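A.B. asks: Okay, here's the structure, questions in a sec.
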Amino acid sequence: MRENRAWRITGAMRHKRVNPTLIAALLALLAGCESGSQGGGGPTPTGHAVSAKVVRVVDGDTIEVSIGGTEEDVRYIGVDTPETVKPDTPVQCYGPQASAENHRLVDEQTVRLVFDRERRDVYGRLLAYVYVGSRFVNAELVRDGYARTLTISPDTAHAELFRRLAAKAGRAGRGLWGAC
């Protein structure tokens, strides 16, 4: 019997042998899945973060950033502001105010982008929770009535927080809740 071709497993499978080729194939498959998830639209570890410099505010819930010299579009997770730049869509009620507030919060700032389960949306934009220092921009936009909630699974780490903030803003008539 050639022990170098198979490994002996202890316990309940004491007399079973594991094919080393099968183990190698499984490890290669797992490694491929892990490396593929970092660069594409697949899952990422919740809470993974990067630092980025804001180079342009697109509208109330989208920015362009520079990460290590590469420019990326970033769509804020969990929030939706009224449209101001969407092609073939009229400017919506409170859209200009939401865009102006986003400018005020993040324009030319270094931000921390925190990712949830999916790294990119169907348009190729990074999906992130955005922080300037300790300020949670996504939450602030909802709290102050510049954004509604937009929960898209599996990126739901802060969905309950956003729901509570939106309900409170709505009851108080803040921002778009009082204007639109």
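A.B. asks: Report the label-to-label distance for THR110 and CYS93 in nanometres (one decimal), using points 7 Å from each Cα along the Cα→Cβ vector.
C.D. replies: 4.1 nm
A.B. asks: Mind giving me the nanometre distance, one decimal, between the label points for THR156 and VAL122, set 7 Å out from Cα along Cα→Cβ?
C.D. replies: 1.9 nm
A.B. asks: Taking every DSSP beta bridge that has both residues in the range 72-180, what percent is antiparallel when rounded to the nearest 5?
C.D. replies: 75 percent
A.B. asks: How high is the FRET efficiency between ARG164 and LYS53 when r is their beta carbon distance and R₀ equals 35 Å, given to the nearest 0.05?
C.D. replies: With R0 = 35 Å, the Cβ-Cβ based efficiency is 0.65.
A.B. asks: To continue, here is another question. Less than 13 Å Cβ to Cβ from ASP73, Lys/Arg counted +1 and Asp/Glu -1: what total charge do the surrounding residues give?
C.D. replies: That sum, taken over residues with Cβ under 13 Å, equals -1.
A.B. asks: Can you sort VAL57, VAL142 from fewest to most other Cβ atoms within 10 Å of each residue's own Cβ?
C.D. replies: VAL57, VAL142
Computed from the coordinates by the stated procedures, all read-outs in this text should not be read as laboratory data. Everything numeric in this text was worked out from a predicted model, so none of it was measured. FYI the Cβ positions are ideal-geometry reconstructions off the backbone, even for glycines, and counts take in every protein chain you see.
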